[in-house]
Amino acid sequence: MQIRHGQLKYFMEVGKIPRLDIIDADTITFNYGFYLGIQSVHSLHEANEIPAQSLEKSWKDTQEYINRAIEYLEDEWSEETYTTTSYYQICLDNEVLYHLWKDLGNPPLECCPIYIITVGSDKNEKVVYIGQTSSKKSRFKGGHLAALKLHDPIYNGIVKNIYLANIMLLSKSKKYIPLEYISTIKGSKSILSEVEASLIFYFKPELNIHHKFKQNYKISSQIHIQNFSYYSNFLHDHFIGV
């Protein structure tokens, strides 16, 4: 089951637009768990080059784009060209989609708000730090505390990587829901913090301080990790029960 980095574009390609007004606690279920999709990997020495990954910005961009798209449908097209379904999406045909993208441009990507720092390679690779990337500027510019700790001589000569991952929820109808679809940014950030805390509690990375020895999260569910970075199979198809 693949998590696509560009879920909104994929969703629209198959002829649907999510209805943000009804995506809420009644739509999402945590019984099916979460998906954590590792989308890219960077060597530690490339940390300063990692683009900013702001959940707040991507949430705002996504919400604005979807609302503009729905307004476009209402203003430019008749009811015959698209329909509102009984749950959380609007259906549209290929002709409408072509003109919508022509006028509005491509939809924004969701961000990768979780980063995982590892040391080692192959079977010896292990997680040493987990954090949130969400920031208006790169989290790693100016020096990151965990990255600085990796200059300790005990890590000399060991491969050091940073993996970036996005989070997908599931609706009760088992449809993917990115954090950017949640009705409030507060709700999106709350779920992000829950996932971060549960990952830290499970892996207990040696460079993390908070969440390692106390269950600082309320949502107990399964997390399915998949690695789409094409760099390695690290944590690919790994299940976490928290």
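The values are calculated or read from the model by the stated rules, or taken from the named source; none is laboratory data. From a predicted model like this one, the values you see are computed outputs, not experimental measurements. Every residue, glycine as well, gets a Cβ built from its backbone with ideal geometry; the counts of neighbours run over all protein chains shown.
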Worksheet item: Of everything in region 186-238 that's farther than 21 Å from residue 32 by Cβ and small (Gly, Ala, Ser), which residue is surrounded by the fewest Cβ atoms within 10 Å (Cβ to Cβ)?
Response: 232
Item to complete: Could you run through region 16-31 and say how many residues are basic (Lys, Arg) and modelled with pLDDT of 80 or more?
Response: 1
Discussion item. Looking at region 163-175, can you tell me whether even one residue there is among the small types (Gly, Ala, Ser) and assigned to a helix (DSSP H, G or I)?
Written reply: no
Worksheet entry | Restricting region 191-242 to residues that are touching a helix residue (DSSP H, G or I) at 6+ places or on another chain (Cβ under 8 Å) and of a type in the set (A, V, I, L, M), the residue that is nearest to residue 128 (Cα to Cα) | 207
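Kindly establish whether residue 8 is in contact with an Asp or Glu (Cβ under 9 Å, 6 or more places away or on another chain) and modelled with pLDDT of 80 or more.
The answer is yes for residue 8.
Rundown of residues vs (1) on the phi < 0 side of the Ramachandran plot; (2) at pLDDT 80 or above; (3) more than 21 Å from the chain's Cα centre (by Cα), yes/no style:
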| position | (1), (2), (3) |
| --- | --- |
| 14 | yes, yes, no |
| 33 | no, yes, no |
| 60 | yes, yes, no |
| 68 | yes, yes, yes |
| 75 | yes, yes, yes |
| 79 | yes, no, yes |
Discussion item. When you scan region 205-220, do you find a residue that is among the hydroxyl-bearing types (Ser, Thr, Tyr), in a loop (DSSP other than H, G, I, E, B) and under 23 Å from residue 59 (Cα atoms), even just one?
Written reply: yes
Worksheet item: Among (1) loosely packed, with under 13 Cβ neighbours inside 10 Å; (2) in contact (Cβ under 8 Å) with a residue 60 or more places away in the chain, which single condition is residue 118 missing?
Response: (1)
Worksheet entry | In region 50-76, residue nearest to residue 103 (Cα to Cα) [restricted to those that are touching a residue at least 12 places away in the same chain (Cβ under 8 Å) and among the acidic types (Asp, Glu)] | 76
Worksheet item: Is it true that residue 138 is touching a helix residue (DSSP H, G or I) at 6+ places or on another chain (Cβ under 6 Å), closer than 16 Å to residue 50 by Cα and either at pLDDT below 90 or hydrophobic (A, V, I, L, M, F, W, C) (or both)?
Response: no
